[in-house]
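Trainee: Here it is, the structure, as structure tokens.
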Amino acid sequence: MRQTPVTAGSAGSPYISFSREEWKKLRDSTPLTLSQADLERIKGINEKISMAEVEDIFLPISRLLNLYYRGSRELYEARRTFLGTERERIPFIIGVAGSVAVGKSTTSRILKSLISAWPSSPVIDLIPTDGFLYPNSVLEGRRLMNRKGFPESYDLRKLIRFLYRLKSGDDNLSVPVYSHVRYDIVPGEYTTVGSPDIVILEGLNVLQTRSVASPKEPELLVSDFFDFSVYIDADETSVKKWYTERFRVLRDTAFRREDSYFHGMARLSDEEADAAASRIWDEINAVNLRENIAPTKHHAHLILEKGSDHSITGVRMRKI
């Protein structure tokens, strides 16, 4: 049973649960700075999201993140005063996790847009973890092409080194560029991360723990660098349906490009496309979700619960 915000949540649970109606009241006076045109531009393929959802769900999240961010700046300032050191610019890092096709990228882009409009005008970067996947040549050599997106398919040490330097205040860091059309790392291309105030790191396994990670992982975890984290949750049947619908859209768009890794699938009929999507989901994405992604959701500060129509129906906020 859901608890109202004035209670302590259910006994024994580390989360306070909110219905959509309860959560939207926490917006307070947070202004809406996102237009319908902005939303159309940033939402994902075949994803249905309304301005009402931005107001009901994302504006309260923006307010909460602003409180966390300001609190972290005060802590850094207190430490600087205590140590007598010069002012540091240490980025506030937000992790966004969840299954393939659940809406991580759209969620991250909406948060980026809302955060960038805060009165303090923070500099914010959005970084997908796709750039830290091993190149296909490495995955093929290790027979991991069918495990793409699983923890072992990422150069975790490179990602940890990047986050370590980022959280140490280093600037002008480079992130490899991943092409979803080519389905591979683009050789010699990088995105530069200057000196941001806030970074959103979005990916499938950013909340993974040692119990589900590769045995060769470094001592530090990606989530060790997070100041706040969000997990997008949905019933697996719904996510499979969204994945299949997105696959059809891609068949009619990106897959038609001559340089697309999946160009051969552009000729599939609707029935064949659905069958291919179902097979990929069952053999790869569903396995990754069950074994590696879903088990980590309770490490998130905030869990967004989606219904079958892709809308967010409830929110769980960690108490500790």
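Trainee: Scan (i) 1.01; (ii) 1.37; (iii) 0.93 for the value of Cα Rg over 2.2 N^0.38 Å calculated from this model and give just the label.
Mentor: Computing Cα Rg over 2.2 N^0.38 Å and matching it to (i) 1.01; (ii) 1.37; (iii) 0.93 gives (i).
Trainee: Between their Cα atoms, which of Lys148/Lys240; Lys167/Lys319; Lys24/Lys306 are more than 21 Å away from each other? List each step's numbers first, then the result.
Mentor: Numbers: Lys148/Lys240 17 Å; Lys167/Lys319 25 Å; Lys24/Lys306 15 Å.
Those over the limit are Lys167/Lys319.
Trainee: Hey, what do the phi angles of the stretch 15-27 turn into as Karplus ³J(HN,Hα) couplings, whole Hz, using 6.51/-1.76/1.60 and θ = phi - 60°, x for Gly and Pro?
Mentor: Taking θ as phi minus 60°, the curve returns 10, 9, 9, 10, 6, 4, 5, 5, 5, 5, 5, 7, 4 Hz for the stretch 15-27.
Trainee: Report for the stretch 15-318 the percent antiparallel among DSSP-assigned beta bridges with both residues inside it, nearest 5.
Mentor: Values: 17 of 37 bridges.
Taking every DSSP beta bridge within the stretch 15-318, about 45 percent pair in antiparallel fashion.
Trainee: Could you work out the relative contact order of the chain? I mean the mean sequence separation of Cα pairs under 8 Å and 6+ apart, divided by the number of residues, in percent.
Mentor: Value for the chain: 25 percent.
Trainee: Same structure again: Counting other beta carbons within 10 Å of each Cβ, put Thr30, Thr253, Thr237 in order, fewest first. Display every interim value, and only then the final one.
Mentor: Working: Thr30 18, Thr253 12, Thr237 8.
Listed from fewest to most nearby Cβ atoms, that is Thr237, Thr253, Thr30.
Trainee: Let me ask something else about it. Among the aspartates and glutamates, which fall within straight-line cross-link reach of Lys48, defined as a Cα-Cα distance under 17 Å, with same-chain neighbours fewer than 8 residues apart omitted?
Mentor: The qualifying aspartates and glutamates are Asp38, Glu40, Asp56, Asp233, Asp235, Glu245, Glu305, Asp309.
Trainee: Find the centroid of the Cα atoms in the stretch 265-317 and in the stretch 176-202, then give the distance between the two in whole Å.
Mentor: Comparing the Cα centres of the stretch 265-317 and the stretch 176-202, I get a distance of 23 Å.
Trainee: Turning to a different aspect of this structure: Can you sort Val181, Val100 so the residue with the fewest Cβ neighbours within 10 Å comes first?
Mentor: Numbers: Val181 16, Val100 20.
By the 10 Å Cβ count, ascending: Val181, Val100.
Quick note: the coordinates plus some simple rules give every number you see, no bench work behind them. A quick note: this is a predicted structure, and the numbers were derived from the prediction, not measured. Ideal geometry is used to build each Cβ from the backbone, glycine not excepted, and the neighbour counts take in all protein chains shown.
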